[in-house]
Amino acid sequence: MTREEFIEVLDKEGYPYEIVGDKIVVTGGDNHGDVYLMSLKTLPPGIEFKNRGDVSLMSLKTLPPGVEFKNGWDVSLMSLKTIYPGVVFNNERIVFLKSLIGGRFSKWEGNIEGIDSKMLLNLMIKQGVFI
């Protein structure tokens, strides 16, 4: 998907965004602050989700470099198969990665006691574990 195609989707769905440098920053969602882009299979690089609610990308297969989640609630990525280095999860709550690890990353049996699960996830992404 190109940046232009992603902007068209945001415009069609009515999700506010800003262009900041080379990033598209999704700043808002529906009435609850949620962003539901259920049918997208890909995203362009350089997307930042900064809405106050959930981000649901249920059909997404891959996350390219430069995608950041800074949203206020959960991130749901049920069909995801690939996460490239440069993706960062800094959302406030849960990351669901059903196809990759079977559900919530925080409940994954590979977590290390005493290590923040999101910090571990970001380190694993940085190391290329999911490509």
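The values are calculated or read from the model by the stated rules, or taken from the named source; none is laboratory data. Because the structure is predicted, anything quoted here is derived from the model rather than measured. Positions of Cβ are backbone-derived with ideal geometry, glycine not excepted, and every protein chain shown enters the neighbour counts.
Details
- Selection status of LEU10, outside any loop (DSSP other than H, G, I, E, B), out of contact with any helix residue (DSSP H, G or I) (no Cβ under 8 Å at 6 or more places or on another chain), at pLDDT 95 or above and among the aliphatic types (A, V, I, L, M): yes
- One residue stands out in region 63-72 among those that are crowded, with 21+ Cβ neighbours inside 10 Å and part of a strand (DSSP E or B): the one that is nearest to the chain's Cα centre (by Cα), namely PHE69.
- Taking the listed residues GLU48, GLU92, the one that is charged (D, E, K, R), surrounded by 18 or more Cβ atoms within 10 Å (Cβ to Cβ) and either in a loop (DSSP other than H, G, I, E, B) or at pLDDT 95 or above (or both) is GLU48, with no other qualifying.
- One residue from LEU60, LEU80 being crowded, with 20+ Cβ neighbours inside 10 Å, without any contact (Cβ under 8 Å) to a residue 60 or more places away in the chain, in contact with a helix residue (DSSP H, G or I) (Cβ under 6 Å, 6 or more places away or on another chain) and not in a strand (DSSP E or B): LEU80
- When residues in region 53-75 are screened for being hydroxyl-bearing (Ser, Thr, Tyr) and within 16 Å of ASN122 (Cα to Cα), 1 of them pass.
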